[in-house]
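Written out below as structure tokens is the structure these notes cover.
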Amino acid sequence: MKWTQARRAQKMNPSVIREILKVTEKPGIISFAGGLPSPKTFPVSAFSAACEKVLREDGHAALQYAASEGYAALREKVAAMLPWQVDPALVLITTGSQQGLDLIAKVLIDEGSRVLVETPTYLGALQAFTPMEPEIVSVASDDGGVDIADLAAKAEGARFFYVLPNFQNPTGRTMPEERRAALSAEAARLGLPLVEDNPYGDLWFDTPPPLPLSARNPGGCIYLGSFSKVLAPGLRLGFMVAPASIFPKLLQAKQAADLHSPGFNQRLVAEVMKDGFLDRHVPTIRALYKSQRDSMLAAMTREMPEGVTWNTPAGGMFLWVQLPEGMNAIELLPRAVERNVAFVPGWAFYATQADARTLRLSFVTSSVAQINIGIAALASAIREMSAESIAPVAGAAPRLEELSQT
């Protein structure tokens, strides 16, 4: 039997991160690769109590089919927790915020449509957009986020600009207030819709980030949020706030995708969120992640050879690293794995013109001892590679299948 695949299927590629995570399943591997929340932060006892209560008081409804928009009580709680006035009727509960990206791609992108993204950007967004066969255009970015002038130069005909202002994945950078104000004003002037992805915004360490872009121009933005980073990713619950002009089509795409996100899980989250639970719980996550960030920064300062640079994220889960001139993170990865440490090469996060010297480190799932051992091992691999003066391999892809067999 011959199966003829749709052209869009040829555009679907495996997640580099997921492939690397297979390597990290080997015993003894210290992984800085995955963007996984620390399981220490999962409120198991709170969910245990909520599970018993939901089944006892509302079990039949919780286990039945439900409205595609989402559980009304949860939609109301989402609207209430956002820092601008949001109509709960414009909140769509999604099966993880990743589904929100998929729905946006289906509703807003045609073949050849221009879509603007940051440089670099979230790999999962590229995976969601690419099968719709758009023209994905990278907009120049710096430590403060998007270059407004470059955005304006590339905006003509664009369907939207996808942006992560808070503790961005992969770089960990945060867009300051001045840049947000300029971006919001320029997008409004250009008539350019914004898709604002904010899964990490609650994970600030010292001061909260500036007001979301969506709060400044709700009619020109779609806002994506997630419960994965503040409660538990296994629930697969996220949410979307969309303008009334586009909400019905996003809802129809949701209905076609999965009818509705798990109603039982939605009731669990609504129950757990009662009585200000997140206000008490999220600060414990911030404290843990800040401590782990500080440990990784100290280890980097102590171990890394000259020429390696990195940033100091003000929140979130990631450190962004640049290797010395002439080195390539793709070629470094197998050397690191030989030393039982893994990371994600930065090339995977670029829509175009990847910087082969970059790599992403996650600091939230490893203990302080593991961070110290892993960073020392990574530094050793860098020193070895530098000493051998290995030439960069432009545009090469990591042989992950071979890595997983070593």
For the chain, longest principal axis from Cα atoms; helix 247-258 axis from its Cα atoms; angle between them, nearest 10 degrees, is 70 degrees
Quick calc of log₁₀ I(q)/I(0), region 206-245, Debye, one scatterer on every Cα, no solvent, q values 0.33 1/Å, result -1.01
Taking the square root of 5λ for each eigenvalue of the C-alpha gyration tensor of region 48-117, the equivalent ellipsoid has semi-axes, largest first and in whole angstrom, of 31, 16, 11
For region 333-345, Karplus-derived ³J(HN,Hα) couplings (6.51, -1.76, 1.60; θ = phi - 60°; whole Hz; x for glycine and proline) come out as 4, x, 5, 5, 4, 4, 9, 6, 9, 10, 8, 10, x
Scan of the chain for chymotrypsin sites (Phe, Trp or Tyr not before Pro) in DSSP loops with at most 13 other beta-carbon atoms within 10 Å gives a longest site-free stretch of 85-406
Shape descriptor, region 141-264: equivalent ellipsoid semi-axes (Cα gyration tensor, sqrt 5λ, whole Å, largest first) stand at 25, 21, 11
Among beta bridges assigned by DSSP with both residues in the chain, the antiparallel ones amount in percent, to the nearest 5, to 55 percent
Helix 368-388: inclination vs the chain longest Cα principal axis, degrees, rounded to 10, gives 50 degrees
Projected onto their principal axes, the Cα atoms of region 242-358 stretch, largest extent first, over whole-Å spans of 52, 37, 29
For region 74-174 the mean separation of alpha carbon contacts under 8 Å (6+ apart) over residue count, i.e. relative contact order in percent, is 25 percent
Computed D for region 296-380, Stokes-Einstein, Kirkwood radius over alpha-carbon pairs, 10 °C, 1.306 mPa s, to the nearest µm² per second, is 121 µm²/s
Taking Cα atoms only, helix 44-62 is inclined relative to the longest principal axis of the chain by an angle, in degrees rounded to 10, of 30 degrees
Simple SL model, points at 7 angstrom along Cα→Cβ for residue 76 and residue 376; separation in nm is 5.6 nm
Spelling it out for residue 222: with amide H atoms placed in the peptide plane at 1.01 Å from N, the residues 5 or more places away or on another chain with amide H under 5 Å from its amide H are 194, 195, 196
With -39,500 (n - 2.57) per DSSP H segment of 4 or more residues and division by the full residue count of the chain, the 222 nm estimate, nearest 500 deg cm²/dmol, is -12500 deg cm²/dmol
Note, region 261-275: 3J(HN,Hα) by Karplus (6.51, -1.76, 1.60, θ = phi - 60°), whole Hz, Gly/Pro = x, goes 6, x, x, 4, 4, 4, 5, 4, 5, 4, 5, 5, 6, 4, 6
Number of Lys pairs in the chain closer than 21 Å at Cα, excluding neighbours under 8 places apart unless interchain, is 13
Hits in region 68-86: amide N under 19 Å from the 7 Å Cα→Cβ extension of residue 181, namely 84
If R0 = 56 Å, then residue 150 and residue 26, at their Cβ-Cβ distance, give a FRET efficiency to the nearest 0.05 of 0.85
Scoring the chain by relative contact order with C-alpha pairs under 8 Å, at least six apart, yields a percentage of 22 percent
Dividing the mean separation of Cα pairs under 8 Å (6+ apart) by the residue count of region 1-140 yields a relative contact order in percent of 24 percent
Expected vector for region 188-205, Karplus 3J(HN,Hα) from phi with 6.51, -1.76, 1.60 and θ = phi - 60°, integer Hz, x for Gly and Pro, equals 5, 5, 7, x, 9, x, 10, 10, 9, 9, 9, x, 10, x, 7, 9, 7, 9
Residue 56 and residue 311 label points (each 7 Å along its Cα→Cβ direction) are spaced in nm at 4.7 nm
With 0.36 nm assigned to each residue of separation and the Cα-Cα distance removed, residue 211 to residue 67 gains 48.8 nm
If unit charges are put on Cβ atoms (+1 for Lys and Arg, -1 for Asp and Glu) and the dipole of the chain is taken about its Cα centre, the option from 12, 120, 373 lying farthest towards the positive end turns out to be 12
Taking alpha-carbon centroids only, region 158-202 lies from region 74-92 a number of Å equal to 20 Å
Computed over all unlike Cα pairs, the Kirkwood hydrodynamic radius of the chain in Å stands at 22.2 Å
At R0 = 30 Å the Cβ-Cβ FRET efficiency linking residue 287 and residue 48, nearest 0.05, sits at 0.80
Reduced to Cα centres, the span from region 215-283 to region 301-368 in Å works out to 31 Å
The size of the Cβ-based charge dipole (Lys, Arg +1; Asp, Glu -1) of region 1-114 about the Cα centre, to the nearest 20 debye, is 560 debye
Computed for region 157-282: size of charge dipole around the Cα centre, +1 on C-beta of each Lys and Arg, -1 on C-beta of each Asp and Glu, debye to nearest 20, value 320 debye
Expected sort for 150-158, 168-176 on mean C-beta neighbours within 10 Å, highest first, is 168-176, 150-158
Which residues qualify? For residue 113, with a placed amide H closer than 5 Å and at least 5 residues away or on another chain, they are 135
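Here, each number is a calculation from the coordinates, and none is a lab measurement. This one's a predicted model, so the numbers in the text were calculated from it and none came from an experiment. Here Cβ is always computed from backbone atoms with ideal geometry, including for glycine, and neighbour counts include all displayed protein chains.
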